[in-house]
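Enquirer: Structure provided below as structure tokens; questions to follow.
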Amino acid sequence: MSTESHTQYQPAQVEQTAQQYWEEQQSFRVTEDPDKEKFYCLSMFPYPSGHLHMGHVRNYLIGDVISRHQRMLGKNVLQPMGWDAFGLPAENAAMQRGIAPASWTWSNIDYMRKQLKQLGYAYDWSRELATCHPDYYRWEQWFFTKLFQKGMVYKKEAEVNWDPVDQTVLANEQVVDGRGWRSGALVERRKIPQWFIKITDYAQELLDDLDKLEDWPDEVRTMQANWIGRSEGVELSFKIADSDEQITVYTTRPDTLMGVTYAAVAPQHPLAERAAADNPALAAFIEQQSHIKVAEADMATMEKLGMDSGVKAVHPITGDLIPIFVANFVLMSYGTGAVMAVPAHDQRDYEFARKYQLPIKQVIQAATDDAECDLEKAAFTEKGVLINSGEFDGLSSSAAFDAIEAWLNKRGIGRKQVNFRLRDWGVSRQRYWGTPIPIINCSSCGAVPVPESDLPVVLPEDVSFTDSGSPIKRMPEFYQVKCPACGSDAERETDTFDTFMESSWYYARYACPDLKTGMLDERADYWLPVDQYIGGIEHAILHLLYARFFHKLMRDEGLISSDEPFKRLLTQGMVLKDGSKMSKSKGNTVEPAQLIEQYGADTVRLFTMFAAPPNQSLEWSDSGVEGSSRFLRKLWRIVVTHGTCEAAFDTTSLKDSQKQLRFKTHSTLQKVSDDYGRRQTFNTAIAAVMELVNTITRFQDENDCSADNQQNRAVVQEALEIVLLSLSPVVPHFCHALWMSMGHQKAIINEAWPSVDSDALIQDQIQIVIQVNGKLRGRLDVRRDIGKDQLEALALADGNVRNFTEGKTVRKVIIVPGKLINIVVA
């Protein structure tokens, strides 16, 4: 396109031309180059829901700006895109629309790919992958069989939220007021066989290696550390009165053991179930709890409910009998399903004790006078000095930890133990649209992994959802097979993988998506770890933790050599409108397609990057979008009017105004380089470029920039080129067109990041601050080479300064060269 004939900015034509050029030149296709520094930039891939929202646009735009900037720095840049394509939403859509999840998913992928291309993202589309494609999940299945053979996976009964109508397990967030979110059926707490991977075997390494992630937000590292939850405590046993049985508990506060006044077990604990056998009221309570979803996150805020089991425990030291309650705040899936309760020194235990009028016995007193302990108001949870604790009285909490543990250990009823809050990863789902678990269940051989030669186990895609539950559970042609070990009739596993499995290794597969003979090859070690990962804070725990775990599993299988998958992490903020997160239910969404049609993709890109720092929420503003459009139209006119300039300026004969423009140009470039790279504050980089454009405009207004005045035109040419180079990661189509209009033969996508001219940053004129007794009293604009005597005389002669020095004695004059002069008077 010849921009000389278009003084008006025409986004649609500009963007089509640039995208066509990139496509023809395969500008973003990349291969491994050991002689070049690599940079792998990755944004968390989307679920193909059918349309992009502004959260997507922002997330991928941040990655695109970083990728384009790193490319200009001369690096070998990989930025791929793919689709997190399995999951329950496709099943729901299939039920609602009467179509198979596969066709719904693939059509959405086609549409969203088109949307992404409209926005001009610099993706290497040759590496595109979709997790629902057998070429992808085949290797996930293969890896699972390897983990099975190493003893890293196992199957056990686990408690789940079961929807009896939809015949499926529900996540906690899918249970609303005790009922299935879609069917409305009363949810049951059921124990069903589930597959688990032993992430707990890596708990300590996952915790320790957080220290290696120096370029991750502290907030995310803290969240992961808390989720892993390493604690040092004591595991001890309470004997059941009049029985040979006992319950085991774990406590991080053995110093409070003498303050135990009751114990509590989960409603699903075997002791609770036995006690309910001849206690109808207790049985009814347990039944009631079985229809209430409980997540650990709810524990702090939920109402504490319980019922006395009628069973007593024996205190291991005093021998006192204490009641055992069945309580809703104890989870069978966490720890041993039983806790010792110290209401004086634990707020949860305190609230329960007050509710059910149980004793509250203080055994810790404050070690200092400034610690408040009022058991009429709340539990005293700080550490201190033991009281009411028999032979342990007077010990500090720390000393008592060791003394009480030794007492218990000597008698074989307690020992020190390191525990983790982290539980093993349950990876099986009783749903259809997911990766089939590659296990065959044989009545003689048990669970047998599918042989490698029989992989992938392909998920049937031509299915109908006429009944509830997974359709493959009603397909004998899928699940009826022969046992690979003994040849007997057997059944294929009909559970599918949790979709976190697919998203835990996709970043590695991008390195070699065309590989047919294995999961990964040597290309993975060239590209990994990911240099920059971008995604929402909502994925700070599970996705990132599972990906870190999967990476270590692949390392230990010899597939890769690095310890961590993501070197630097950026968690972008949400996109808000009218003060709340955009959502269809709130009617406050903004459709990217409409904006692109009205303003062009580059205006959308510019506003999105300019409106807020990437890690903070962005408040949508229609006027802000219009302002971004006005800026681009203004800059377009400036560049097109300027045209080409072949002349180069002579730096030895520049006028002051020309030097000032060069100073502004290169100081802006210096800031933009830092903002793009180290700081990743793209909004301030754009603001700095906008200031430079205003400076260029004023310079053109005040100076003759005609063809006859080549020096002025050359200085403006340099400034405009740096403007376009600086903005090209943000508005690449716009800059592509204008760069060519300035007479360049090489496209801007192939240009290097400009270098700061340090000589341009040396100003002849500098500003000196004048202080009197350390307080600001004036400023002087002087030549840089001014002598000290002359500077002192000018400062003392300044009118405002004289107001503070007249009638006083000047004791001394302190000069900091190039910065300030301080006049000390008395």
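Since every read-out is calculated from the coordinates, none of them should be taken as a lab result. The shown structure was predicted, so the numbers you read here are calculated from the model rather than taken from an experiment. Glycine gets a Cβ as well: all are built from the backbone with ideal geometry, and neighbour counts include every protein chain shown.
Enquirer: Tell me the relative contact order for segment 88-231 as a rounded percent, counting alpha carbon contacts under 8 Å between residues six or more apart. All intermediate terms of the calculation are to be shown ahead of the outcome.
Expert: Values: 107 pairs, mean separation 21.7, N = 144.
It comes to 15 percent, rounded to a whole number.
Enquirer: Mind pulling the angle between the C-alpha long axis of helix 218-228 and the longest principal axis of the chain? Nearest 10 degrees, somewhere in 0 to 90.
Expert: 10 degrees
Enquirer: Over segment 38-174, what is the percentage of antiparallel beta bridges among all DSSP beta bridges, to the nearest 5?
Expert: Details: 3 of 8 bridges.
Beta bridges within segment 38-174, antiparallel portion: roughly 40 percent.
Enquirer: Also: Counting only other residues whose beta carbon sits under 12 Å from that of GLN70, what net charge do I get with K and R as +1, D and E as -1? Could you put the intermediate results ahead of the total?
Expert: Numbers: positive: LYS36, LYS38, ARG68, ARG71, LYS75, ARG568; negative: GLU37, ASP64, ASP531.
After counting each charged neighbour, the total is +3.
Enquirer: Of LYS146/LYS473; LYS312/LYS355; LYS212/LYS671; LYS38/LYS516, which sit over 22 Å apart, Cα to Cα?
Expert: Those over the limit are LYS146/LYS473; LYS212/LYS671; LYS38/LYS516.
Enquirer: Please compute the length gained on full extension between SER444 and ILE192, using 0.36 nm multiplied by the number of residues separating them and subtracting their Cα-Cα distance. Before the final figure, lay out each step's value.
Expert: Details: separation 252, 0.36 × 252 = 90.72 nm, distance 2.08 nm.
Extra length from SER444 to ILE192 when fully extended: 88.6 nm.
Enquirer: I've got another one for you. Give LYS377/LYS416; LYS198/LYS552; LYS75/LYS746; LYS156/LYS410; LYS114/LYS586 a once-over and call out the pairs whose C-alpha atoms are over 24 Å from each other. Kindly include the intermediate steps, with their values, before the conclusion.
Expert: Values: LYS377/LYS416 33 Å; LYS198/LYS552 12 Å; LYS75/LYS746 18 Å; LYS156/LYS410 34 Å; LYS114/LYS586 27 Å.
Table pairs above 24 Å Cα-Cα are LYS377/LYS416; LYS156/LYS410; LYS114/LYS586.
Enquirer: How much FRET efficiency would the formula 1/(1 + (r/R0)^6) give for ASP402 and GLN8, where r is the Cβ-Cβ distance and R0 is 56 Å, rounded to 0.05?
Expert: Calculated value: 0.10.
Enquirer: Another question, then. Nearest 20 debye, what's the magnitude of the dipole of segment 533-639 about its Cα centre given +1 on Lys and Arg Cβ and -1 on Asp and Glu Cβ?
Expert: 280 debye
Enquirer: Rounded to the nearest 0.05, what FRET efficiency do GLU232 and ARG678 have when you use their Cβ-Cβ distance and R0 = 45 Å? Can you show the working numbers first?
Expert: Working: r = 39 Å, r/R0 = 0.86.
My answer for the efficiency is 0.70.
Enquirer: Packing-wise, with mean Cβ within 10 Å as the measure, how do 84-95, 744-755 rank, highest first? If you can, show how the numbers build up before the last one.
Expert: Details: 84-95: 21.2, 744-755: 14.2.
Ranked by mean Cβ neighbours within 10 Å, highest first: 84-95, 744-755.
Enquirer: Can you work out ³J(HN,Hα) from phi for every residue in segment 763-779, in order, using Karplus 6.51 cos²θ - 1.76 cosθ + 1.60 and θ = phi - 60°, giving whole Hz and x for Gly and Pro?
Expert: These are the phi-based 3J(HN,Hα) values: 9, 5, 9, 10, 9, 10, 8, 10, 10, 10, 6, x, 10, 5, 10, x, 9 Hz.
Enquirer: Could you work out the relative contact order of the chain, using alpha carbon pairs under 8 angstrom and six or more residues apart, expressed as a whole percent? Kindly include the intermediate steps, with their values, before the conclusion.
Expert: Numbers: 1446 pairs, mean separation 118.7, N = 826.
14 percent.
Enquirer: Only Lys, Arg, Asp and Glu count, each charged at its Cβ (+1, +1, -1, -1), so figure out the dipole size of segment 645-699 about its Cα centre, rounded to 20 debye. Please list the in-between numbers first.
Expert: Values: 8 positive and 6 negative charges, 34 e Å.
Using only the charged Cβ atoms, the result is roughly 160 debye.
Enquirer: Between GLN20 and GLN288, what length in nm is gained on full extension when 0.36 nm per residue of separation is reduced by their alpha carbon distance?
Expert: On the way: separation 268, 0.36 × 268 = 96.48 nm, distance 6.32 nm.
Result for the pair: 90.2 nm of gain on full extension.
Enquirer: Further question: Exposure proxy check: GLU702, GLU128 ranked by fewest other beta carbons within 10 Å?
Expert: Values: GLU702 10, GLU128 16.
Exposure proxy ranking, most exposed first: GLU702, GLU128.
Enquirer: Could you pull the Rg and Dmax for segment 363-406, using just the Cα atoms, both in Å?
Expert: So, for segment 363-406, Rg and Dmax equal 10.9, 34 Å respectively.
Enquirer: Moving to a separate point now. Ranked highest first by average number of other Cβ atoms within 10 Å, how do 345-354, 26-35, 733-742 line up?
Expert: On the way: 345-354: 20.4, 26-35: 13.1, 733-742: 24.0.
Going from most to least packed, we get 733-742, 345-354, 26-35.
Enquirer: Identify, among ALA593, ALA185, ILE815, the residue whose Cα sits farthest towards the positive end of the charge dipole of the chain, taking +1 on the Cβ of Lys and Arg and -1 on the Cβ of Asp and Glu, with the dipole about the Cα centre.
Expert: The one lying farthest along the dipole's positive direction is ILE815.
Enquirer: In nanometres, what is the gap between the two model label sites at THR31 and LEU321, each 7 Å from Cα along Cα-to-Cβ?
Expert: Simple spin-label model gives 8.2 nm for this pair.
Enquirer: Give the label of the value calculated from the structure for log10 I(q)/I(0) by the Debye sum over Cα atoms at q = 0.06, 0.11 Å⁻¹, choosing from [x] -0.71, -1.20; [y] -0.57, -1.26; [z] -0.44, -1.37.
Expert: [y]
Enquirer: With θ set to phi - 60° and the Karplus curve 6.51 cos²θ - 1.76 cosθ + 1.60, what are the ³J(HN,Hα) couplings of segment 142-150 in order, to the nearest whole Hz, using x for Gly and Pro?
Expert: Karplus values, whole Hz, x for Gly and Pro: 4, 5, 4, 5, 5, 5, 4, 5, 8.
Enquirer: Could I ask something else about it? Full-extension gain between ASP563 and ILE99, please, as 0.36 nm times their residue separation minus the C-alpha to C-alpha distance.
Expert: Numbers: separation 464, 0.36 × 464 = 167.04 nm, distance 4.26 nm.
Length difference between fully extended and current span is 162.8 nm.
Enquirer: Quick one: which residues, 5 or more positions from ILE439 or on another chain, have an amide H under 5 Å from its amide H? H modelled 1.01 Å from N in the peptide plane, none for Pro or chain starts.
Expert: Amide H neighbours of ILE439, under 5 Å, 5+ apart: VAL450, GLU493.
Enquirer: To continue, here is another question. Evaluate the distance, in nm, between pseudo-label points positioned 7 Å from the Cα of GLU128 and of THR381 along their respective Cα→Cβ axes.
Expert: Reported label-point gap for GLU128 and THR381 is 5.1 nm.
Enquirer: Using 1/(1 + (r/R0)^6) with R0 = 41 angstrom and r between the beta carbons of ASN588 and MET302, what's the FRET efficiency to the nearest 0.05? Please list the in-between numbers first.
Expert: Working: r = 31 Å, r/R0 = 0.76.
The value I calculate is 0.85.
Enquirer: Give the peptides 666-678, 62-74, 218-230 in descending order of average Cβ contacts within 10 Å, highest first.
Expert: Working: 666-678: 19.2, 62-74: 22.7, 218-230: 15.2.
With the highest mean Cβ count within 10 Å placed first, the list reads 62-74, 666-678, 218-230.
Enquirer: Which value results for Rg/Rh of segment 758-807 when Rg is the Cα radius of gyration and Rh the Kirkwood radius based on the inverse mean 1/r?
Expert: Values: Rg = 12.5 Å, Rh = 11.9 Å.
Ratio value, two decimals: 1.05.
Enquirer: With the dipole of segment 631-784 worked out from charges on the C-beta (+1 for Lys and Arg, -1 for Asp and Glu) around the Cα centre, which of HIS736, GLN771, LEU654 lies farthest toward the positive end?
Expert: GLN771
Enquirer: Which values, in whole Å and largest first, are the semi-axes of the equivalent ellipsoid of segment 622-760 obtained as the square root of 5 times each eigenvalue of the Cα gyration tensor? Write out the running numbers ahead of the final one.
Expert: Details: eigenvalues 102, 60, 48 Å².
Square roots of five times the eigenvalues give 23, 17, 15 Å.
Enquirer: Another question about this same structure. Taking neighbour counts of Cβ atoms within 10 Å as a proxy for exposure, in what order, fewest first, do ILE770, ILE786 appear?
Expert: On the way: ILE770 22, ILE786 15.
With the fewest neighbours first, ILE770, ILE786 line up as ILE786, ILE770.
Enquirer: Once you place label points 7 Å from the Cα toward the Cβ at ARG354 and SER107, how far apart are they in nm?
Expert: It is 5.8 nm.
Enquirer: Ratio of Rg to Rh for segment 1-138, alpha carbon only, Kirkwood? Walk me through the numbers on the way to the answer.
Expert: Working: Rg = 17.5 Å, Rh = 16.9 Å.
In segment 1-138, Rg relative to Rh is 1.04.
Enquirer: Treat every Asp and Glu Cβ in the chain as -1 and every Lys and Arg Cβ as +1, leave all other atoms uncharged, and give the resulting dipole magnitude about the Cα centre to the nearest 20 debye.
Expert: Working: 88 positive and 111 negative charges, 252 e Å.
The calculation lands at about 1200 debye.
Enquirer: Using Cα pairs closer than 8 Å and at least 6 residues apart in sequence, work out the relative contact order for segment 622-760, in percent. Each step should come with its number before you reach the end.
Expert: Details: 127 pairs, mean separation 46.0, N = 139.
Reported as a whole number, the value is 33 percent.
Enquirer: Of the options TYR60, PRO316, ALA399, report the single residue whose Cα projects farthest towards the positive end of the charge dipole of the chain (beta-carbon charges: Lys, Arg +1; Asp, Glu -1).
Expert: TYR60
Enquirer: Give me CYS445, CYS483 sorted ascending by neighbouring Cβ count inside 10 Å, so fewest comes first.
Expert: On the way: CYS445 15, CYS483 18.
Going from least to most buried by this count: CYS445, CYS483.
Enquirer: Taking a cut-off of 13 Å between Cα atoms, list the aspartates and glutamates near LYS36, but don't count ones fewer than 8 places away on the same chain.
Expert: Cα-Cα hits under 13 Å: none found.
Enquirer: Would you work out the Kirkwood radius for segment 199-309? I mean one over the mean of 1/r across all pairs of different Cα atoms, in Å. Walk me through the numbers on the way to the answer.
Expert: Values: mean 1/r = 0.0567 Å⁻¹.
Result for segment 199-309, one decimal place: 17.6 Å.
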